[in-house]
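The values are calculated or read from the model by the stated rules, or taken from the named source; none is laboratory data. What you see is a predicted model, and the numbers here were worked out from it, not measured in a lab. Cβ placement follows ideal geometry from the backbone for every residue including glycine, while neighbour counts extend to all protein chains displayed.
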Amino acid sequence: MENYNEFITDFENYLYVIKNLSSQYIKKITQTITQFLNFINIYKFDNKFKSVEEISLNEIRTLTNQDIYSYIFYLADNNYKQGTRNFKIENLRTFFEFLYKIKHRLFKQPFQKINTEKRIIKQLPNYLSYDEAKKMTELYKNSTNELGIRKNVIIHLFLHCGMRVSELANLNISDFKLSERKFLILGKGNKERIGYLNNDTYDSLMRYMELRKNIVPKDKKDRDRLFITRKHEKINIRTIRRYIKSAYIEAGITNNSYSVHTLRHTCATLLFKAGTDIKVIQEILGHSTVEVTKIYTHLYDKDVEQTLFEHPLSQFKYNNAIAYTNA
């Protein structure tokens, strides 16, 4: 067997001895758990650990249902088929069941209220309000320093083009046809789609391009990379996350569940609320099926429900009604 954390080895023994599962099946479950740990290392712990072997049970005990929701949405957003996603959900359920039963002195049971993907999807994803999104787009609007100008175009590309963080990090200058205000996005599985630059995003990009033409990357292989840091190195995903985290703080947005991916969610949700056809949003996001994109309709349904519950007529007091009819 491969070299895993001690608790994963214990988990494998539990599956083999107690659950009586085959070694091949156990391997698939372990792969899911390793993928999940890699995910939380990146998205929750900001690459704090060099490898998943360094993640301890103390870190895992801090996980919440929201972390699991985020992982399942990550799978959907990266075009894993529903059958595969359901399989991985069951793998995680088995893992947390093991931690709850065998390591019960340390663990609660994060999966106790999650039964199906359908219920998980209804919890996803979080997104900025319109006012919060406006704060983000205006935060570095008048910046004159290199970092602020670079952050500004990055935020605009996320919020106006719905890009994944990996897609943005890998953008090349040659991907852009500025005369046509469009650019090539290389998505998951090397699937290509076209992004379009509205006025604000185009203006923010052109300001950055003025700086970029004077920046010479350390590595000749990065000469075509769009985003180069102050150290003259190609930007990486961790740096982008740090940019967005600091931007939330500077904008006075204190919701700790917001991440860099929240901006992509926000782009899609605001478009849907504005009446954009779900198929168009699917194309913008690069989803392989419209089923994943329909996640945003669930969010909107909840907003509609809340709005109806708060309808002005529902606040109309009985005494006021009597006074009105007698007037």
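A count restricted to segment 142-157 and to residues that are assigned to a helix (DSSP H, G or I) and over 24 Å from Gln282 (Cβ atoms) stands at 8.
Checking every residue in segment 234-243 against the condition of being at pLDDT 95 or above, touching a Pro at 6+ places or on another chain (Cβ under 6 Å), closer than 30 Å to Asn41 by Cβ and not in a helix (DSSP H, G or I) gives zero matches. Which of the residues belonging to segment 1-14 are of a type outside the set (Ser, Thr, Tyr), under 17 Å from Ile60 (Cβ atoms) and more than 29 Å from the chain's Cα centre (by Cα)? Of everything in segment 1-14, those that are of a type outside the set (Ser, Thr, Tyr), under 17 Å from Ile60 (Cβ atoms) and more than 29 Å from the chain's Cα centre (by Cα) turn out to be Glu6, Asp10, Glu12. The residues listed here are Lys220, Lys191; of these, the one that is in the same structural domain as Lys151 (by TED's automatic domain parsing), touching a Gly at 6+ places or on another chain (Cβ under 8 Å) and more than 18 Å from Ser143 (Cβ to Cβ) is Lys191.
If you check Lys19, Lys48, which single one turns out to be in contact with a helix residue (DSSP H, G or I) (Cβ under 8 Å, 6 or more places away or on another chain), farther than 27 Å from Leu263 by Cα, of a type outside the set (Ser, Thr, Tyr) and not assigned by TED's automatic domain parsing to the domain that holds His265? The conditions single out Lys19.
Scanning segment 68-100 for residues that are surrounded by 18 or more Cβ atoms within 10 Å (Cβ to Cβ) and of a type in the set (Asp, Glu) yields a single hit, Asp77. Please determine whether any residue of segment 217-230 is of a type in the set (D, E, K, R), assigned to a helix (DSSP H, G or I) and buried (at least 16 other Cβ atoms within 10 Å of the Cβ). Looking through segment 217-230, at least one residue is of a type in the set (D, E, K, R), assigned to a helix (DSSP H, G or I) and buried (at least 16 other Cβ atoms within 10 Å of the Cβ). Per the listing Lys213, Lys245, the residue uniquely closer than 27 Å to Ser70 by Cβ, surrounded by fewer than 18 Cβ atoms within 10 Å (Cβ to Cβ) and of a type in the set (D, E, K, R) is Lys245. Applying a threshold of 7 Å to beta carbon distances and a minimum spacing of six or more residues, or different chains, the list of pairs starting in segment 34-55 at a residue that is under 13 Å from Asp67 (Cα atoms) and ending at one that is outside any helix (DSSP H, G or I) reads Leu37/Ile55; Ile40/Leu63; Asn41/Asn47; Asn41/Lys48; Asn41/Phe49; Asn41/Ile55; Tyr43/Ser259. For segment 202-216, a residue qualifies if it is under 14 Å from Leu171 (Cβ atoms) and either assigned to a strand (DSSP E or B) or among the hydroxyl-bearing types (Ser, Thr, Tyr) (or both), and the qualifying residues are Ser204, Tyr208. The residue that is nearest to Ile237 (Cα to Cα), among those in segment 10-61 that are surrounded by fewer than 16 Cβ atoms within 10 Å (Cβ to Cβ) and among the hydrophobic types (A, V, I, L, M, F, W, C), is Phe45. Scanning segment 158-199 for residues that are assigned to a loop (DSSP other than H, G, I, E, B) and on the phi > 0 side of the Ramachandran plot yields Gly162, Arg181.
Exactly one residue among Ser174, Ser179 is of a type in the set (Gly, Ala, Ser), more than 29 Å from Ile42 (Cβ to Cβ) and surrounded by fewer than 20 Cβ atoms within 10 Å (Cβ to Cβ), and that residue is Ser179.
For segment 16-48, residues that are under 20 Å from the mean Cα position of the chain (by Cα) and assigned to a loop (DSSP other than H, G, I, E, B) total 5.
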